[in-house]
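Below is one structure; the comments refer to it alone.
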Amino acid sequence: MQRIVIPGHYVHVRTTPLWTTQTAPASIWQRHLDAGTRQGVFPRLSVMQGAIRYLGYADETSPQPVETLTINAGEFGVFPAEKWHRIEALSDDTVFNVDFWVDPQILTEG
C-alpha cells in the first residue's frame, strides 16, 4: 500500500477510545466505509500493543483486497477516505485507536 501523508494544514477532529479485540465495535472487523467520512477526511489508526492488518477493497463485493498494510505496536497507518476496508487484529492482546483528520475548508462548508 502506498504511504499516505496527512497534509500539514489538516486539523484533528476526533479520537476513538482505546479499543481491544473485545471492546471495539463489531462493525470495525467487517468490511465497511467509515460512517461520516468523506473526501478530505483521513482516519489514522495507531497501535499501542499487538498488531492490526488493514485490508482495502476495490468495492463492497470484491473478494480479495487490493491493498494491505500491517501496523505493529508503536506504529500508525493512514487510510484513504471513502474506501471499502476492514481490519483484523493479529494478536488477542491488540490495543489501538483511530484519529480523524480533516481539511479545515470542509469544516467551514459543512
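Per-structure values
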read-out: Boolean, LEU107 is outside any loop (DSSP other than H, G, I, E, B) and at pLDDT below 95; value: yes
read-out: Candidate set from the stretch 26-56 (those that are of a type in the set (A, V, I, L, M, F, W, C), closer than 29 Å to GLU109 by Cα and exposed (fewer than 15 other Cβ atoms within 10 Å of the Cβ)); member that is modelled with the lowest pLDDT; value: ALA35
read-out: Any hit, the stretch 57-69, residues being surrounded by fewer than 18 Cβ atoms within 10 Å (Cβ to Cβ), at pLDDT below 90 and among the β-branched types (Val, Ile, Thr); value: no
read-out: Qualifying residue in the stretch 85-95 (condition: touching a helix residue (DSSP H, G or I) at 6+ places or on another chain (Cβ under 8 Å), at pLDDT below 95 and either part of a strand (DSSP E or B) or exposed (fewer than 12 other Cβ atoms within 10 Å of the Cβ) (or both)); value: yes
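The values are calculated or read from the model by the stated rules, or taken from the named source; none is laboratory data. Because the structure is predicted, anything quoted here is derived from the model rather than measured. For neighbour counting, all protein chains shown are included, and Cβ atoms are generated from backbone atoms with ideal geometry for every residue, glycine included.
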